[in-house]
Amino acid sequence: MSEKSLTIIATKGTLDWAYPPFILSSTAAALGYNVTMFFTFYGLQLLKKDLNLSVSPLGNPGMPMPMGMDKWFPVLGTAIPGMQAMMTGMMKNTIKSKGVASVAELRNLCLEADVKMIGCQMTIDLFDIKHEDLIDEIDLGGAATYFENAGQSDINLFI
Amino acid sequence: MSDFNQELDARGLNCPLPILRAKKTLNGMNAGEILKIIATDPGSVKDFEAFATQTGNQLMDSSEANGEFHFFLKKGG
């Protein structure tokens, strides 16, 4: 069976959007794909040693809320201080109770399966991200580095 | 089916963990050996079929009883 390959550009740094890139990458690796992930802009949050991701109900009408809160809670209410922390806490509890892996666990599974992770050098400079805050297993690079992998890849996703 | 070399309890785990754990367990097994997997994720039924098709491991049997799914995977060569 010839080896297939996948590349993913991960651009989002929230708890909910951390899942698609890591789920797809870890699964593709398990299926024998050669996987490269490129983390840019807010996606760089997913490479922090200390993963402290949140989910926001703000501007997110698709987000289910417990006890049917979304039915009667005014949209502006989602901007109340503490709302984000509360929703993040609830989401983390739900994730645990449903047997869904944590983001850190999925990221470790990716690393164990030799998924290649590239952090965007430009974003690191732009946001003054400290190298020591990022996990050690990554390489840094730019758009050309991404295309080196994407140009010969079977599947390229932007998330 | 009752004969198997190793058993993996993936009950309570959700996508993609049953597949990832199965892959990891298969890595430590020899070609031709059989891995039994017990899962509760209904999505795992389709996923183990797809996993077998794409990896060259053979899904010998797939069954459901009391909300649990049993899979028998034969490791490919």
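Rundown of residues vs (1) among the hydrophobic types (A, V, I, L, M, F, W, C); (2) outside any helix (DSSP H, G or I); (3) within 14 Å of another protein chain (Cβ to nearest Cβ), yes/no style:
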{"site": "A:GLY13", "(1), (2), (3)": "no, yes, no"}
{"site": "A:MET67", "(1), (2), (3)": "yes, no, no"}
{"site": "A:GLY77", "(1), (2), (3)": "no, no, no"}
{"site": "A:PRO81", "(1), (2), (3)": "no, yes, no"}
{"site": "A:GLY99", "(1), (2), (3)": "no, yes, yes"}
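Which residue out of A:THR27, A:THR7 is surrounded by 18 or more Cβ atoms within 10 Å (Cβ to Cβ) and assigned to a helix (DSSP H, G or I)? Can you show your working first?
On the way: A:THR7 fails: assigned to a helix (DSSP H, G or I).
Answer to the selection: A:THR27.
Is there any pair with a first residue in the stretch B:1-25 that is within 9 Å of another protein chain (Cβ to nearest Cβ) and in contact (Cβ under 8 Å) with a residue 40 or more places away in the chain and a second that is among the hydroxyl-bearing types (Ser, Thr, Tyr) and outside any helix (DSSP H, G or I) whose Cβ atoms are under 6 Å apart and which are 6 or more apart or on different chains, and what are they?
Every condition considered, the pairs that remain are B:ARG11/B:THR40.
Could you please give the count of residues in the stretch A:15-65 that are away from chain B (no Cβ under 14 Å), at negative phi and among the aromatic types (Phe, Trp, Tyr)?
Matching residues across the stretch A:15-65 total 4.
Please tell me if B:ASN66 is polar (S, T, N, Q) and buried (at least 16 other Cβ atoms within 10 Å of the Cβ).
Here the answer is no, as B:ASN66 does not meet what is asked.
Take the stretch B:26-60 and flag every residue that is within 10 Å of the chain's Cα centre (by Cα) and within 12 Å of chain A (Cβ to nearest Cβ).
Within the stretch B:26-60, B:LEU26, B:ALA39, B:SER44, B:ASP47, B:PHE48, B:PHE51, B:ALA52, B:ASN57 meet the criteria.
Restricting the stretch A:84-100 to residues that are free of Cβ contacts under 8 Å to residues at least 24 places away in the same chain and among the small types (Gly, Ala, Ser), which is farthest from A:ILE138 (Cα to Cα)?
Per the stated criteria, the residue is A:SER97.
For the stretch A:39-51, state whether one or more residues are of a type in the set (A, V, I, L, M) and under 20 Å from A:ASP114 (Cβ atoms).
For the stretch A:39-51, residues of a type in the set (A, V, I, L, M) and under 20 Å from A:ASP114 (Cβ atoms): present.
Might you let me know whether the stretch A:76-83 holds any residue that is farther than 30 Å from B:ARG11 by Cβ and in contact (Cβ under 8 Å) with a residue 24 or more places away in the chain?
Yes, the stretch A:76-83 contains a residue that is farther than 30 Å from B:ARG11 by Cβ and in contact (Cβ under 8 Å) with a residue 24 or more places away in the chain.
Return yes or no: is A:VAL100 modelled with pLDDT of 90 or more, surrounded by 13 or more Cβ atoms within 10 Å (Cβ to Cβ), within 30 Å of B:GLU49 (Cβ to Cβ) and in contact with a strand residue (DSSP E or B) (Cβ under 8 Å, 6 or more places away or on another chain)?
no
Quickly run through the stretch A:133-159 and pick out the residues that are under 24 Å from A:LEU51 (Cβ atoms) and among the hydrophobic types (A, V, I, L, M, F, W, C).
Of everything in the stretch A:133-159, those that are under 24 Å from A:LEU51 (Cβ atoms) and among the hydrophobic types (A, V, I, L, M, F, W, C) turn out to be A:LEU134, A:ILE135, A:ILE138, A:LEU140, A:LEU157, A:PHE158, A:ILE159.
Out of the stretch B:1-17, which residues are touching a helix residue (DSSP H, G or I) at 6+ places or on another chain (Cβ under 8 Å) and within 12 Å of B:LYS36 (Cα to Cα)?
Result: B:GLN6, B:LEU8, B:ALA10.
If you take the residues of the stretch A:37-79 that are among the hydroxyl-bearing types (Ser, Thr, Tyr) and out of contact with any strand residue (DSSP E or B) (no Cβ under 7 Å at 6 or more places or on another chain), which of them is nearest to A:ASP133 (Cα to Cα)?
A:TYR42
Give the stretch B:45-62 a look and list any residue that's of a type in the set (Gly, Ala, Ser) and touching a residue at least 40 places away in the same chain (Cβ under 8 Å), or say none.
Within the stretch B:45-62, none qualify.
The values are calculated or read from the model by the stated rules, or taken from the named source; none is laboratory data. Computed from a predicted structure; not experimentally measured. Here Cβ is always computed from backbone atoms with ideal geometry, including for glycine, and neighbour counts include all displayed protein chains.
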